[in-house]
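S.K.: The structure follows.
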Amino acid sequence: MKLRAILFGAIAATLGGCARFESKPLSAAQVATEFQARSLDSPALKEFVETSMHQTFEIWPPKEWNFSTLTLVAFYYHPSLAVARAQWAVAAAGVRTAGGQPNPVLAVTPGYSSNPAQGISPWFPMVSFDVPIETAGKRRKRITHAGYVSESARLNIATAAWQVRSSVRSGLLDYCVAQRRAAFLQKQVAAMEQIAELLGQKAEVGALAGSEVAPSRVALFKARLDLADAQRQIAEARVNLAEATGVSVNSFQDSNFSFDFDREPTGVKNLTSMEIQRQALLSRSDILRALAEYAADESTLRLEIAKQYPDVHLNPGYQFDQGEHKWSLGISVDLPLLNRNQGPIAEAEARRKETAARFNELQAKVLAEIDRATAVFRVTEANSDALQLLSDDQAKQRVSVEQKFRVGAAERLDLLSAEVESNATELALLDGQLKLQRSIGALENGVQRPLSGAVSSAELSLERSEIPINKADRE
């Protein structure tokens with residue numbers, strides 16, 4: 001009776017500690033509705049941004065969104081970060097799984113004698129246990145392997161966050177440049193319309209040949225096409241920026257955006273390619289992740305080698321044999337005669353070599369990417385400086401024409417022509433600034449860290465691979 005009570009008590013305790021399934025159905029319609037409902041004036045988003053930036057916003061949403069605040073919006077909303085965090089949670093749970101110890105096995109074998117001796121119980125039930133004992137530190141090696149896998153998944157969050165940050169920067173840059181280009185082209189079209197009108201008036205009175213008016217009209221037609229294309233680029237860039245941020249484009253309906261074109265990477269001119277490469281090899285999350293994956297494969301090889309050594313199974317048992325109490329203690333061990341785990345060991349060795357080859361490939365790719373980005377940055381910086389000098393010289397000429405026009409030494413046509421030339425120079429300078437900022441972005445992507453002097457708290461979190469987590473993901 002006492003043994004029966006112990007067995008029932010153990011079974012009840014085991015079942016009582018079991019997890020319960022909780023259904024969480026996934027609805028495509030509900031997910032779409034929730035996505036459309038995302039808003040920049042969300043109180044939860046405000047709290048997240050304020051906590052991350054360590055400052056309070058008196059007006060929310062802010063009148064103008066800059067790169068730092070938009071990056072945090074993307075950290076809050078972008079689905080790729082939620083995926084990376086979920087993958088890390090799976091890998092972290094794997095550490096707990098790896099640390100689990102094998103449960104003993106209880107076997108109950110009832111027996112009954114059909115012709116027992118008189119006065120002897122016909123029953124001879126048997127209860128036996130199988131208690132596994134792992135050898136060669138297999139459990140410790142499993143935990144080590146799972147820890148490296150978890151670290152790799154954690155570093156993947158930083159990689160995903162940097163990709164999100166890069167997409168936000170690229171989207172914001174394209175949008176602000178498209179707006180500036182459209183503004184310059186509007187001025188250009190307005191000036192060229194007046195030029196075409198003045199030349200047409202001169203042609204009507206015979207002061208100018210009709211063939212001399214045609215080029216201005218062709219230039220006006222081209223400028224109008226450029227303006228229409230710039231307006232298309234604004235709409236497209238707005239959608240791309242919304243996608244990079246993780247919200248619907250309707251959320252940006254009444255929002256204003258700014259990009260600091262004067263944000264020079266402090267000290268980048270003094271950095272050699274070798275110095276930048278060293279920074280990348282020490283801090284890039286994908287490099288660190290590849291190293292963690294190699295360490296995980298090494299631990300897998302250690303585990304497979306340890307599996308050559310068989311585990312021990314203790315088999316204590318009890319049998320009530322027709323009135324007699326019989327106790328037994330057995331030991332069982334697998335005999336590694338036909339299989340010494342050669343196949344899994346060979347696979348683990350090959351996988352380690354493959355991971356090493358992939359790391360070398362990644363490293364070579366990173367170094368080439370940095371070399372390319374450094375070379376492009378130096379050239380675009382020189383071109384941008386030359387365009388700035390040209391723009392300054394053109395501005396001086398325009399001022400000179402304006403002064404002459406005020407004293408009657410120049411015609412209105414001269415003033416409009418100077419304005420057209422100035423706008424054309426500004427457009428060229430804008431394209432140069434765009435290329436320069438893209439080269440800065442490529443350089444930052446190469447080392448996966450901000451190169452500018454004023455680094456926001458969000459960007460610092462990227463350097464430390466500590467990406468802020470919103471409440472929804474934390475729950």
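Every number here is computed from the coordinates shown, using simple stated rules; none is lab data. What you see is a predicted model; the values in this text were computed from it and never measured. Neighbour counts are summed over all protein chains in view; Cβ atoms, including those assigned to glycine, are modelled from backbone coordinates with ideal geometry.
S.K.: Work out, step by step, the length gained on full extension between residue 368 and residue 136: first 0.36 nm times the residue separation, then minus their alpha carbon distance; give nm to one decimal.
M.R.: 79.1 nm
S.K.: For segment 391-400, take each phi angle, set θ = phi - 60°, evaluate the Karplus expression 6.51 cos²θ - 1.76 cosθ + 1.60, and give the result in whole Hz per residue in order, putting x for glycine and proline.
M.R.: In residue order, the calculated couplings are 5, 5, 5, 5, 5, 5, 5, 5, 4, 5 Hz.
S.K.: Still on this structure, I have one more. Dividing the convex hull volume of the Cα atoms of segment 275-370 by its residue count, what figure in Å³ per residue is obtained?
M.R.: Value for segment 275-370: 128 Å³ per residue.
S.K.: Counting residues in segment 91-140 as N, plug N into 2.2 N^0.38 Å and put the Cα Rg over that result.
M.R.: 2.08
S.K.: Find the all-direction average of the projected area of the Cα convex hull for segment 38-157, expressing the result in square nanometres with one decimal place.
M.R.: Its average projected convex-hull area is 15.6 nm².
S.K.: If you don't mind, another one. Between residue 60 and residue 96, what is the label-point separation in nm under the 7 Å Cα-to-beta-carbon projection?
M.R.: A separation of 3.2 nm, rounded to one decimal place.
S.K.: If you consider only alpha-carbon coordinates, what radius of gyration and Dmax does segment 28-99 have, in Å?
M.R.: 15.9, 52
S.K.: Please tell me the relative contact order of the chain in percent, rounded to the nearest whole number, where contacts are Cα pairs under 8 Å and at least six residues apart.
M.R.: Here the relative contact order equals 23 percent.
S.K.: Search the structure for amide H atoms under 5 Å from the amide H of residue 65, placed 1.01 Å from N in the peptide plane, and list their residues when 5 or more places away or on another chain.
M.R.: Amide H neighbours of residue 65: 256, 257, 258.
S.K.: Test of understanding: given the chain, find the longest segment containing no trypsin sites (Lys or Arg not before Pro) that are in a DSSP loop and have at most 13 other Cβ atoms within 10 Å.
M.R.: Formally, the longest exposed-site-free interval is 64-339.
S.K.: For residue 107 and residue 361 in one chain, what is 0.36 nm times their gap in residues minus the Cα-Cα distance, to one decimal in nm?
M.R.: Value of the extension gain: 86.1 nm.
S.K.: Counting only helical runs of four or more DSSP H residues, what would the 222 nm mean residue ellipticity of the chain come to if each run contributes -39,500 (n - 2.57) and the total is spread over all its residues?
M.R.: That comes out to -23000 deg cm²/dmol.
S.K.: If only Cα atoms are counted, what is the Rg of segment 336-405, and what is its Dmax, in Å?
M.R.: Considering segment 336-405 through its Cα atoms, Rg and Dmax are 30.2, 103 Å.
S.K.: Averaged over all directions, how much area does the convex hull of the C-alpha atoms of segment 129-278 cover when projected, in nm²?
M.R.: 19.9 nm²
S.K.: Quick one: dipole size for segment 269-337, taken about the Cα centre, charges +1 on Lys/Arg Cβ and -1 on Asp/Glu Cβ, in debye to the nearest 20.
M.R.: Around 520 debye, computed over segment 269-337.
S.K.: For segment 134-175, what does the convex hull of the Cα positions come to per residue, in cubic angstrom?
M.R.: For segment 134-175, the hull spanned by Cα atoms encloses 28 Å³ per residue.
S.K.: Can you tell me the Rg and Dmax of segment 234-333, counting just the alpha carbons, in angstroms?
M.R.: Cα-based Rg and Dmax for segment 234-333 come out at 32.4, 95 Å.
S.K.: Mind putting a number on the dipole of segment 341-438 about its Cα centre? Charges go on the C-beta only, +1 for Lys and Arg and -1 for Asp and Glu, and I need it in Debye to the nearest 20.
M.R.: 300 debye
S.K.: Separate question: Expressed in whole Å with the largest first, what are the equivalent ellipsoid semi-axes of segment 361-442 derived from the C-alpha gyration tensor as the square root of 5 times each eigenvalue?
M.R.: Over the Cα atoms of segment 361-442, the semi-axes work out to 42, 9, 6 Å.
S.K.: Taking the Cα centre of the chain as the origin, how large is its charge dipole in debye, to the nearest 20, when only Lys and Arg (+1) and Asp and Glu (-1) carry charge on their Cβ atoms?
M.R.: 1400 debye
S.K.: Lys/Arg Cβ at +1, Asp/Glu Cβ at -1, dipole of the chain taken about the Cα centre: which of 37, 118, 68 is farthest positive-ward?
M.R.: Towards the positive end, the residue furthest out is 118.
S.K.: Further question: Going by amide H atoms built from the backbone, whose H comes under 5 Å of the H on residue 113, apart from near neighbours?
M.R.: It is 123, 124, by chain and number.
S.K.: Put a dot 7 Å past each Cα toward the Cβ at residue 424 and residue 315; how far apart are the dots in nm?
M.R.: Placing both labels 7 Å along Cα→Cβ, they lie 9.5 nm apart.
S.K.: So how do 293, 354 line up by other beta-carbon neighbours within 10 Å, fewest first?
M.R.: So the residues, fewest neighbours to most, are 354, 293.
S.K.: Something else: How large is ³J(HN,Hα) for each residue in segment 408-416, as worked out from phi by the Karplus curve 6.51 cos²θ - 1.76 cosθ + 1.60 (θ = phi - 60°), to whole Hz, x for Gly and Pro?
M.R.: x, 8, 9, 7, 5, 4, 5, 5, 5
S.K.: Tally Lys/Arg at +1 and Asp/Glu at -1 over every other residue whose Cβ is under 9 Å from the Cβ of residue 198; what's the total?
M.R.: Counting the neighbours of residue 198, the net charge comes to 0.
S.K.: What is the spread of the Cα atoms of the chain along each of their three principal axes, largest first, in whole Å?
M.R.: Dimensions of the chain along the principal axes of its Cα atoms: 142, 47, 43 Å.
S.K.: Apply the Kirkwood formula to segment 156-241: the hydrodynamic radius equals the inverse of the mean of 1/r over all pairs of different alpha-carbon atoms; give it in Å with one decimal.
M.R.: 15.3 Å
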